[in-house]
1. Given the conditions (1) surrounded by fewer than 18 Cβ atoms within 10 Å (Cβ to Cβ); (2) free of Cβ contacts under 8 Å to residues at least 40 places away in the same chain; (3) aliphatic (A, V, I, L, M), which single one is not true for Leu258?
2. Being touching a Ser or Thr at 6+ places or on another chain (Cβ under 6 Å) and open to solvent by 20 Å² or more (accessible area, probe 1.4 Å) is the filter; apply it to segment 281-323 and report the residue that is farthest from Tyr170 (Cα to Cα).
3. If you take just the helices (runs of 4 or more DSSP H) that sit entirely in segment 240-358, which of them hold at least 1 residues that are at pLDDT below 95 and out of contact with any Gly (no Cβ under 9 Å at 6 or more places or on another chain)?
4. Take the residues in segment 219-239 that are in a helix (DSSP H, G or I) and under 15 Å from the mean Cα position of the chain (by Cα); name whichever of them is surrounded by the most Cβ atoms within 10 Å (Cβ to Cβ).
5. Identify, by number, the condition in (1) open to solvent by 80 Å² or more (accessible area, probe 1.4 Å); (2) more than 22 Å from the chain's Cα centre (by Cα); (3) closer than 24 Å to Ile166 by Cβ that Met253 doesn't meet.
6. Is there any pair linking a residue in segment 175-186 that is of a type in the set (D, E, K, R) to one that is surrounded by fewer than 16 Cβ atoms within 10 Å (Cβ to Cβ), with Cβ under 9 Å and at least six apart or on different chains, and which?
7. Quick test of your reading of the structure: Ile187 fulfils all but one of (1) assigned to a loop (DSSP other than H, G, I, E, B); (2) open to solvent by 30 Å² or more (accessible area, probe 1.4 Å); (3) of a type in the set (A, V, I, L, M, F, W, C); (4) under 17 Å from Ser257 (Cα atoms). Name the failing condition by number.
8. Are there any pairs with C-beta distances below 8 angstrom linking a residue in segment 102-114 that is among the small types (Gly, Ala, Ser) to a residue that is part of a loop (DSSP other than H, G, I, E, B) and open to solvent by 40 Å² or more (accessible area, probe 1.4 Å), with the two at least 6 apart or on different chains, and if so which?
Amino acid sequence: TPVLPRSNSEMNADQSRTLSSQQKQEILSKRLALSENASTYNASTARSSTSTSTIVSRYATVPTGNQIEDMNYTSNEVPVIKQSTLSCALCSRCTVNVLCDECSTLKRGGVFACILQRLKRAADHGLESLENECNAMIPVLDLYPLTFNPAKLFDPKNTQYQRDPIGEYYLQTYCGKAWRTYLPVEIAGDGNCFYNSFITLSPSSNMTAIELRARNVIELVKNSSIYQKHYQDLSSCLDNFENYVTKEMVSDMVYSSLWDILSLTNVLQISLEIVYPRVNGGNDQYAERLNRKFLMINNGQSNHDIVLLWSSYNKLSAVRPWMPNHFVPLLSLPYGVSYITFRGINVEKSYDNDFFCL
């Protein structure tokens, strides 16, 4: 009977069985080193291309136990990259920690800029992709505890808190008397006014608007079904969830909506009271529904009570309905000080005359 030629796989299998455990470990170490180099190269290629085919998994698995015995040690192929936890969450380099050594040296602001960039890239591929990326970023958030110690009173000696004259007009003219003992704090209208309101109230927290936005996206996407069910009564005031979180919320310096308000209470562990001016009259349905206090959805104990005024940067005209496009925080006046004696000037006359077109 003629002897059939043996295949390469059969010959490699026999050769693999003759190797000692030490030899197998040495071969495995060399191949994993090749794998890491390949992963690093492919990851840098993925960052420079928008094609989904160049995106490499952020994970690499190191085989253990029986998996070592089952590997073909005579093959020159690089081990397949599989899903595991031994990879940097930001750059895909192999590591034994959440972040690699290089990413661990990034400043806090740089880390969250990378997180928001990854969220935006994932959102380009749809809500499910964004959900997966949000879950992958949660371990990174745990590395950076959030501290929020907001101011409670308006201190005229604190140059960081500048009075907002436009907000004062809306507050004193179109809001209830209960708010006459509060003053609006000026906030830049750069698209991040909602998040900058909290940064201004707590300057020592070392937060940025990008960090708050990234944390808020993760919180809202992770618990989207809970928020949508909890706030069914506001459905007519809310944007389409998927469109908003994937196309607007994940981008820096994009105007915030009601969705941002709902979830930030849990991010900062606060109660957030919204003051919505009744510029459109007493029958304004938005003012009726949005003049309220928003609490944490898990019924936890809030650490602070924050008040925001929904204001506007646009000229006040006779055209209705009026719609707000700006947020400013409200701080209470010191005890015993009335608004009339504190302001010192007539608020309406402190405006540019072009603001009023009534």
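1. Every listed condition holds for Leu258 apart from (1).
2. The selected residue is Ser302.
3. On the way: elements: 241-244, 258-268, 285-290, 339-343.
Fully inside segment 240-358 and qualifying: 285-290, 339-343.
4. Our first condition is that a residue be in a helix (DSSP H, G or I); within segment 219-239, this holds for 219-222, 224-230, 232-237.
From what's left, under 15 Å from the mean Cα position of the chain (by Cα): 219-222, 224.
Working: Glu219: 22, Leu220: 24, Val221: 26, Lys222: 17, Ser224: 18.
For segment 219-239, the residue satisfying everything is Val221.
5. Evaluating Met253 over (1) open to solvent by 80 Å² or more (accessible area, probe 1.4 Å); (2) more than 22 Å from the chain's Cα centre (by Cα); (3) closer than 24 Å to Ile166 by Cβ leaves (2) as the failure.
6. Partner pairs satisfying both residue conditions: Arg180/Ser338; Arg180/Ile340; Glu186/Gln162.
7. Just one mismatch for Ile187, condition (2).
8. If the second residue must be part of a loop (DSSP other than H, G, I, E, B) and open to solvent by 40 Å² or more (accessible area, probe 1.4 Å), the pairs left are Ser104/Asn97; Gly109/Thr208.
The values are calculated or read from the model by the stated rules, or taken from the named source; none is laboratory data. No experiment lies behind these values; they were computed from the predicted model shown. Counting neighbours? That spans all protein chains shown, and the Cβs are built from the backbone with ideal geometry, glycine included. With ligands, DNA and RNA removed, areas are computed over all heavy atoms of the protein, side chains included. Shrake-Rupley method; radii C 1.70, N 1.55, O 1.52, S 1.80 Å.
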